[in-house]
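Scroll down for the structure; my scribbles are underneath it.
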Amino acid sequence: MRLGIISALAEEQHGLIEALQSPYKLVHGMREYTGGKLWEIDAVCVLSRIGKVAAAMTASILVEKFGVTHIVFTGVAGSGDKNVKVGDIVVAEELVQHDFDASPLFPQFEIPLTGLSRFATDTALTQRLATAAAQTTRVHRGLIASGDQFIGKLTQIQGLKAAFPDLLAVEMEGAAVAQVCFELGIPFAIIRTISDNANDNAAVDFMHFIKTVASRYAYEVIENFCKA
Ligand code: SAH
């Protein structure tokens, strides 16, 4: 196994680079890829930057240039359900691109030529990640929606919840990684710590959260995941 670990923001990757043994660095396409041994696992860590295109490019390059065989995305997200609280973790079982709409040619949310609107994560990786996360905080498993929008208005999150009643979290990269991994046949898992409620307070809560807890959580979960 060679594990690709993607985060969107520096705060979400904090500590992992320092934990890599015999690290090597390579800059490509405006991103810095750091490889090495992470608690005995051959790993490559990278910041994707923000949004679906950025995440898709990063995932593709991890596979094609760095030869990763598995991908884990670790980051923060807005809550998509009243039972999912700030500080909880959501481990994705399915991902949807909530801003994708090629209707009437294809059903809304369906990714043309795949026949799918939801992409499923790898069962074994997801289970291992959920077990690792449960050592840190409360864990929920289910649907995450991604789009090229920061959801920071109550009406926006209410609209998404109406479209996806089983929604647990909203973010900007996961479903793009999911589509790339589906198309390349790479097992993947997505874990998100809830930083905000995707409502009118989201931007303020998000800034506070990434400065305080986001980094510690990502580090702990990946450590437990690698050691398992
Ligand atoms: N100004 C910030 C922008 C971050 S965008 C900065 O420069 O650091 C928000 C990031 O966190 C994205 O990577 C996204 O995946 C995640 N995220 C957290 N809360 C979100 C929300 N409410 N809506 C969408 N994405 C969210």
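The values are calculated or read from the model by the stated rules, or taken from the named source; none is laboratory data. Since the structure is predicted, the reported quantities are computational estimates derived from the model, not experimental observations. Note that each Cβ is placed from the backbone with ideal geometry, even for glycine, and that neighbours are counted across all protein chains shown.
Computed values, structure above
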quantity: Which listed residue, of Ala228, Ala203, Ala163, is surrounded by fewer than 21 Cβ atoms within 10 Å (Cβ to Cβ), over 18 Å from the mean Cα position of the chain (by Cα) and within 21 Å of Thr114 (Cα to Cα); calculated: Ala163
quantity: Filter result for Lys85 (modelled with pLDDT of 95 or more, more than 25 Å from Gly185 (Cβ to Cβ) and not small (Gly, Ala, Ser)); calculated: yes
quantity: Test: residue in region 114-129 that is buried (at least 24 other Cβ atoms within 10 Å of the Cβ), in a loop (DSSP other than H, G, I, E, B), within 15 Å of the chain's Cα centre (by Cα) and not aromatic (Phe, Trp, Tyr); calculated: yes
quantity: Those residues of region 196-228 which are on the phi < 0 side of the Ramachandran plot, assigned to a loop (DSSP other than H, G, I, E, B) and either within 11 Å of the ligand (Cβ to nearest atom) or among the charged types (D, E, K, R) (or both), in sequence order; calculated: Asn197, Asn199, Asp200, Asn201
quantity: In region 178-195, the residues that are part of a helix (DSSP H, G or I) and either without any contact (Cβ under 8 Å) to a residue 24 or more places away in the chain or among the polar types (S, T, N, Q) (or both); calculated: Gln179
quantity: Among residues of region 56-102, those that are hydrophobic (A, V, I, L, M, F, W, C) and surrounded by fewer than 24 Cβ atoms within 10 Å (Cβ to Cβ), counted; calculated: 9
quantity: Subset of region 1-28 that is of a type outside the set (Gly, Ala, Ser) and modelled with pLDDT under 95 - its residue that is farthest from the ligand (Cβ to nearest atom); calculated: Glu18
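Residue by residue, here is whether (1) within 20 Å of Tyr217 (Cα to Cα); (2) touching a residue at least 40 places away in the same chain (Cβ under 8 Å) holds:
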site	(1), (2)
Pro104	no, no
Pro112	no, no
Arg118	no, no
Gln127	yes, no
Gly142	yes, yes
Leu154	no, yes
Ile157	no, yes
Ala169	yes, yes
